[in-house]
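Structure first, commentary second.
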Amino acid sequence: MIFFLNQTAVLMTYGYNYIGASGEINVWNPRVEKLPEFTTAQIWLKNGEVNNFESVEAGWTVHPAEYSDARTRFFVYWTVDGYKKTGCFDLTCYGFVQTSTEIALGGAVDPGSSSFQQQYVLPINIFMDPTTTNWWLVFHDIYVGYWPGSLFSLLKHSATSVEWGGQVYSVNVRKTPHTKTAMGSGNDAEELYGLACFIGQPRILDYSKSYKYPTFVGIWKDEYNCYSAVNYKAGNANDEATFFFGGPGQSYRCP
């Protein structure tokens, strides 16, 4: 993976010491135009410089080059150098240690959502065990496995940023013609529930040991004409916002 070939649309929080994050990731099966392009919806926990960060990541992806088909699949990832030379998907290199036999890393995620039909979610929780400095991945209530703290120099203490959202990897980003690989559901974020992909109940865990909605959040969109994002709060001011993101890639707004 090459950092500058990634386009993201994310909800982010940063500036504190985070030892966990969670969220319910809406499941879709977006289009991937060609190899080796891929698309994800995921959670990142990061520490380090913008182009040389350490991260642990999990969510779903459509990645035909990695999995030999266009199905939506559960994945984990890590890097210690901003994707330059380290890291991999699932168990394809040393790194993530799987402890559960109930969940298949790289396994197909079924069923997926469709427009104005039942919406399915992937509940993901990632947290650090302060005693071992290992980062654990929990799916529903199943402890899938962990990233050893020994992989990291910065993340063995904490993450300094958390991101929830999507990414598209392609050599045809930031250029014309743009890739047609979609993010999320393939619909724009502004189309909201039933059409756009969302991540519900985003939570952070800090040294207070209590999961909570982050105090400060922002939205980042690398290519806002191609992949959009909105943190939408309906009606009641006391309601929690839901983060929507995605888009079709190449379109009349994104030639």
| query | Whole-Hz Karplus ³J(HN,Hα) for region 146-155, in order, using 6.51 cos²θ - 1.76 cosθ + 1.60 and θ = phi - 60°, x for Gly and Pro? | reply | 8, 8, x, x, 5, 5, 10, 10, 8, 5
| Can you list the GluC sites (Glu not before Pro) in region 177-246 that are in a DSSP coil and have 13 or fewer other beta carbons within 10 angstrom? | 240
| remark: Each label sits 7 Å from Cα toward the beta-carbon; between residue 102 and residue 70 the label points are separated, in nm, by 3.3
| task | With all distinct Cα pairs included, what does the Kirkwood hydrodynamic radius of the chain come out to in Å, to one decimal, could you say? | result | 18.0
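In the neighborhood of residue 149, defined by Cβ-to-Cβ distances under 15 Å, what is the net charge if each Lys or Arg adds +1 and each Asp or Glu adds -1?
Summing Lys and Arg as +1 and Asp and Glu as -1 gives -1.
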| said: What do you get for chymotrypsin sites (Phe, Trp or Tyr not before Pro) in region 124-229 restricted to DSSP loop and a cutoff of at most 10 other Cβ within 10 Å of the site's Cβ? | reply: 216
| query | Each label point is 7 Å from the Cα along the Cα-to-Cβ direction; what then is the distance between the points at residue 209 and residue 176, in nm? | reply | 5.7
| request: Mind listing the long-range amide H neighbours of residue 181? Cut-off is under 5 Å, sequence gap 5 or more, other chains count too, H placed in the peptide plane at 1.01 Å from N. | output: 33, 250
| field | Spatial separation of Cα centroids for region 136-176 and region 103-133, in angstrom | value | 13
| Between residue 16 and residue 132, what length comes free when the chain is fully extended (0.36 nm per residue of separation minus the Cα-Cα distance, one decimal in nm)? | 39.7 nm
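Show me the trypsin sites (Lys or Arg not before Pro) within region 131-212 that DSSP assigns to loop and that have at most 15 other Cβ atoms within 10 Å of their Cβ.
Taking region 131-212 and a limit of 15 other Cβ atoms within 10 Å, the loop trypsin sites (Lys or Arg not before Pro) found are 174, 175, 209.
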| Mind checking which aspartates and glutamates have their C-alpha under 13 Å from residue 212, skipping anything on the same chain fewer than 8 residues away? | 240
| Candidate lysines for bridging to residue 84, where Cα separation is under 29 Å - those fewer than 8 sequence places away on the same chain excluded | 34, 46, 156, 175, 180, 221
| Free-standing Cys residues across the chain, given no other cysteine C-beta under 4.7 angstrom | 197
| said: Taking θ = phi - 60°, what integer Hz values does the Karplus form 6.51 cos²θ - 1.76 cosθ + 1.60 yield along region 43-56, in sequence order, with x for Gly and Pro? | reply: 10, 10, 10, 10, 8, x, 6, 4, 9, 8, 8, 9, 8, 10
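Each reported figure results from applying straightforward, stated rules to the coordinates on display, with no laboratory input. Every value quoted in this text rests on a predicted model; they were computed, and no experiment measured them. Positions of Cβ are backbone-derived with ideal geometry, glycine not excepted, and every protein chain shown enters the neighbour counts.
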